[in-house]
Amino acid sequence: IDSTPVRPVRAVPAVDSEKTLAEDSNYHQLLKRVLAGICDEAGQELRRRRRRAGRMELRVCFADSQVRARGLKMTPPLQSSTLLYGRALPVLNLILDRRTRVRSVHLHLTDLSSGLVQMELFADPKLERHLKLESALEQLRRRFGKCVGPLDGMHG
């Protein structure tokens, strides 16, 4: 008899965003919009929690129930929806090497961190502007409701 206490499995902090398409599709522009939407949701959740994601996994479920996934380490960790989309789009393009229609797209962000991030010596000032813009858009959405997402029309 083992007298050690039973402890539940410790959950790994993560942010998930998933979209199941109303109708299976392989139309690339639609899939890019779906990806932009789930990146927007994930970025909002990261900012709400005051966290940054250091790792991304993108999973695509095809109409024939086959699932393809690819992971990506992000350095420095991100919380910007626009930057998440910029990192996820090439991954999506790698996964979509089949002609089969897509049923759903799932974004899984892990290695969440908070606090200060080491500054880069030659950092792009656009990154900070993106984050400020997204925060301002979130405040407008809370005040006036959701009309247009920050990624709509940016990567069409």
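The values are calculated or read from the model by the stated rules, or taken from the named source; none is laboratory data. Please read these numbers as outputs of a predicted model, since none were measured by experiment. For neighbour counting, all protein chains shown are included, and Cβ atoms are generated from backbone atoms with ideal geometry for every residue, glycine included. Only protein heavy atoms, including side chains, enter the accessible area calculation; ligands, DNA and RNA are left aside. Shrake-Rupley method; radii C 1.70, N 1.55, O 1.52, S 1.80 Å.
Placing dummy labels 7 Å off each Cα toward the beta-carbon, the span from T110 to H28 is 3.1 nm.
The accessible area of E41, taken with all protein chains in place and a 1.4 Å probe, comes to roughly 100 Å².
Using a 1.4 angstrom probe with every protein chain in place, what is the largest-first accessible-area order of D16, D2, D40, D24?
Values: D16 90, D2 115, D40 10, D24 40 Å².
Final ranking, largest accessible area leading: D2, D16, D24, D40.
Ordering 76-82, 17-23, 50-56 by mean Cβ neighbour count within 10 Å, with the highest value first, yields 76-82, 50-56, 17-23.
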